[in-house]
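Okay, so here's the structure we're looking at.
The values are calculated or read from the model by the stated rules, or taken from the named source; none is laboratory data. Keep in mind the model is a prediction, meaning the values are calculated, not measured. Positions of Cβ are generated from backbone atoms using ideal geometry, with glycine treated the same way; all protein chains shown enter the neighbour counts.
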Amino acid sequence: MNDHAHLKSDRLILVGPVLSQSIQPELLKTLGLLEVPQIAIDGGDRFADQPLMVVGDGDSASGKAGARVILKNNQDQTDLGYALGLIAPGRWVELHLFGFLGARIDHELASIGEVCHSLGLRPDLSQAKFYTSELQFAFSIHNTGTHSFDHQGLFSVIAFESSRISIQGQCDYQMRDQTLLPFSGRGVSNVGKGLFTVQSSGVFMMIPAEGQP
């Protein structure tokens, strides 16, 4: 995919088909994403705001005028997985995913898995943020390394693979180079009280209470 070459942004919005309303510029401005380019994943073109392109198998796309359409030629990949492969040459540091939560749980898990796999292959891709079908922040997935958070209230850290994790700073429960097994409850229900860091040897999910970023 050569379309990334002229883009100045290091962030990218991916828009899927599971949304209750269209993405409006006012919302993007509130989230600090107003100038961030968008790619619609198949039926997500019904909700995207001026997407650069529509990617997928075309079975649910609306044919929104003005957007280039890139069709995958087989069903061995999900539409999101295919799109993540296309954008791999870009210098993206942060992904924002709207429209991938709120429908079938198998589709949700597959979308999360596709993003985890993409982060594992791309050390420069720092994080991916998921939003609900009502356009509210849900959780973020982070790559290997050290990540800073400023959070008040409950949060959980979920590892996707056996990882050495440290949690240090303004939170109730500290961890120092301890092993967190995949989907273990050991990192659940911590309490943030300001700034803290999470250092992990593997990809992990950060879930704040009530969708607080």
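Taking (1) at pLDDT below 80; (2) within 18 Å of ALA138 (Cβ to Cβ); (3) not β-branched (Val, Ile, Thr) in turn, LEU7 satisfies each apart from (2).
Among the conditions (1) among the acidic types (Asp, Glu); (2) assigned by TED's automatic domain parsing to the domain that holds ASP10; (3) part of a strand (DSSP E or B), ASP177 misses just one, which is (2). For PHE149, the criteria (1) crowded, with 20+ Cβ neighbours inside 10 Å; (2) without any contact (Cβ under 8 Å) to a residue 12 or more places away in the chain hold in every case but one, which is (2). Of the candidates SER111, SER118, SER163, the single residue that is in contact (Cβ under 8 Å) with a residue 60 or more places away in the chain and surrounded by 19 or more Cβ atoms within 10 Å (Cβ to Cβ) is SER111.
Every condition in (1) at pLDDT below 95; (2) surrounded by 20 or more Cβ atoms within 10 Å (Cβ to Cβ) holds for GLY185 except the one numbered (2).
Candidates are the residues of the range 114-152 that are among the β-branched types (Val, Ile, Thr) and more than 20 Å from GLY85 (Cα to Cα); the one that is nearest to the chain's Cα centre (by Cα) is THR132. Within the range 122-138, can one find any residue that is part of a helix (DSSP H, G or I), over 25 Å from LEU27 (Cβ atoms) and out of contact with any strand residue (DSSP E or B) (no Cβ under 8 Å at 6 or more places or on another chain)? For the range 122-138, residues part of a helix (DSSP H, G or I), over 25 Å from LEU27 (Cβ atoms) and out of contact with any strand residue (DSSP E or B) (no Cβ under 8 Å at 6 or more places or on another chain): absent.
When the range 160-181 is filtered for residues that are closer than 26 Å to HIS117 by Cα and touching a Gly at 6+ places or on another chain (Cβ under 9 Å), the ones remaining, listed by number, are PHE160, GLU161, SER162, SER163, ARG164, ILE165, ILE167, MET175, LEU180.
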